[in-house]
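Beneath this line is the structure, given in C-alpha cells, with notes to follow.
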Amino acid sequence: MLFSPLTLGQLELPNRLVMAPLTRVRSGKEGIPGPLVVEHYRQRASLGLIVSEGTYPSPAGRGFPGQPGLVTEEQLKGWADVTAAVHAEGGRIFAQVMHAGRVTHEDTTGGHEVVAPSAIAIDGETRTYEGKQAFPVPRALATDELSGIREEFVQASRNAIDAGFDGVELHSANGYLLHEFLTPAANQREDNYGGSPENRARFVIEVVQAVVDAVGADRVGIRISPEHNVQGALELDAADVRATYGYLVDALAPLKLAYLSVLHKEPTSELVQELRTRFNGTFLLNTGFGVITTAEVAKSLVSDGHADAVVVGRPAIANPDLVRRWREGLPVNEPNQATFYSDGAEGYTDYPAYQN
C-alpha cells in the first residue's frame with residue numbers, strides 16, 4: 001500500500017512516501033534558493049509529496065544562517081525555479097512556512113528582535129553568522145502584535161502559491177513559534193493566549209484559519225510534534241498534552257485541511273492514533289529523529305492502518321530515487337551526517353541514483 005496512490009487535498013499522489021521538511025541551509029545570506037537547491041528538489045520529484053525545508057515568513061522569523069525565505073521577490077523567483085523543476089519531473093511540492101520564534105539570534109535575523117510568546121530563553125546555543133552563541137531572552141509579543149504575526153504567515157503562504165507551490169505546511173512543531181504557544185514551557189502568558197490548553201492553542205488555530213481563508217483548505221497542512229521535547233519545548237505532563245493537542249485537532253478537523261502531519265517516536269501510541277481519529281482526514285506520520293525510518297516500518301505503518309502516508313527524512317536525503325529503491329528492494333545509500341548543514345553539492349545533490 002505504501003506505493004499506491006493517495007488523494008491529498010486536490011492532489012493525487014502516486015505513492016505514500018513524503019519527503020520531510022529538511023533544514024539544509026544552502027540558500028546563502030540572502031535566503032535565495034539557487035540552482036543547487038533547484039537540482040536537489042528536482043532529483044527527489046518521484047516521492048509522493050515533497051515538503052520544503054522550513055522557510056521564514058519574515059526576517060525576524062529566520063532561524064538559521066543559509067535558510068531560505070518567502071519574503072523578497074528574489075526569494076520567490078528562486079522558489080519558482082524550484083517548483084517549476086519539480087513539476088516538470090511530475091512531482092508535487094508544499095512549502096513549509098516556519099517562524100523560528102525564540103529559536104534564533106539577532107545575528108541570524110539581521111538585527112531583528114527575537115520574539116516569542118513569553119520572555120523565556122532556551123538553555124543552549126544556536127549557530128549564527130558570527131559563530132555559536134547562547135540563545136537570547138526573547139521579547140514577549142504583546143497581544144495586539146499577534147495579528148501582525150498571523151498576517152506574516154498569510155502573506156508567506158500567498159507568496160508560496162504565487163511561486164508555484166501546490167500548498168503550504170504550517171510548522172507548529174519542534175519548538176518554533178507556533179509550537180511555543182502550545183507548550184507551557186515557553187508560554188506563560190496571562191492573556192487569552194496563555195494558561196489553559198484552549199488558550200495556548202488559540203493562536204495556532206487563528207493562524208491556520210487565516211491561511212485557509214487566504215489560499216484554501218485543500219492547500220494547507222499542519223505539522224505538530226507532541227512530546228518531542230526539543231529546543232526547550234518540553235511537554236512532560238501527559239494529561240496536558242492530550243488536552244492541548246486534542247483541543248487543537250478538534251478545532252482543525254472541521255476546516256478539512258489537506259493533511260495533519262505528526263512527528264512522534266511512538267507513531268502507534270494511543271495519543272497519536274487518537275489524534276488521527278479526531279482529525280478524521282489525511283494523516284501523515286513521521287517516526288521522529290531518534291531512529292531512521294526503514295522501508296519495513298514505512299510499509300507497516302500504512303498497511304496496518306496507522307497512517308495514510310509516511311514522512312521520511314534521512315532516507316530521502318541520501319536516495320533521490322528512494323521510491324524505486326524501496327519498491328524494488330534495492331540497496332540504499334547511507335546519509336553522510338557531516339554534510340547535512342554544510343555548503344555546496346557534497347551531501348546534497350551528489351548522492352547517486354541506483355545504477356542497474
Can you spot a residue in the stretch 144-165 that is more than 13 Å from Ala60 (Cβ to Cβ), open to solvent by 30 Å² or more (accessible area, probe 1.4 Å), of a type in the set (A, V, I, L, M) and in a loop (DSSP other than H, G, I, E, B)? no
Given the criteria open to solvent by 10 Å² or more (accessible area, probe 1.4 Å) and either of a type in the set (Val, Ile, Thr) or assigned to a strand (DSSP E or B) (or both), does Val103 qualify? no
Residue list for the stretch 25-82, restricted to those being under 25 Å from Val323 (Cα atoms), of a type in the set (Ser, Thr, Tyr) and open to solvent by 10 Å² or more (accessible area, probe 1.4 Å): Ser46
For the stretch 302-317, which residues satisfy the criterion of being crowded, with 17+ Cβ neighbours inside 10 Å and either over 19 Å from the mean Cα position of the chain (by Cα) or within 25 Å of Arg278 (Cβ to Cβ) (or both)? Val302, His306, Ala307, Asp308, Ala309, Val310, Val311, Val312
Considering Ala239, Ala243, which residue is touching a residue at least 40 places away in the same chain (Cβ under 8 Å) and of a type in the set (A, V, I, L, M, F, W, C)? Ala243
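The values are calculated or read from the model by the stated rules, or taken from the named source; none is laboratory data. This one's a predicted model, so the numbers in the text were calculated from it and none came from an experiment. Because the Cβ atoms are built from the backbone with ideal geometry, glycine has one as well, and the counts that use them run over all protein chains shown. Remember, those area values only see protein heavy atoms, side chains included, never the ligands or the DNA or RNA. Shrake-Rupley method; radii C 1.70, N 1.55, O 1.52, S 1.80 Å.
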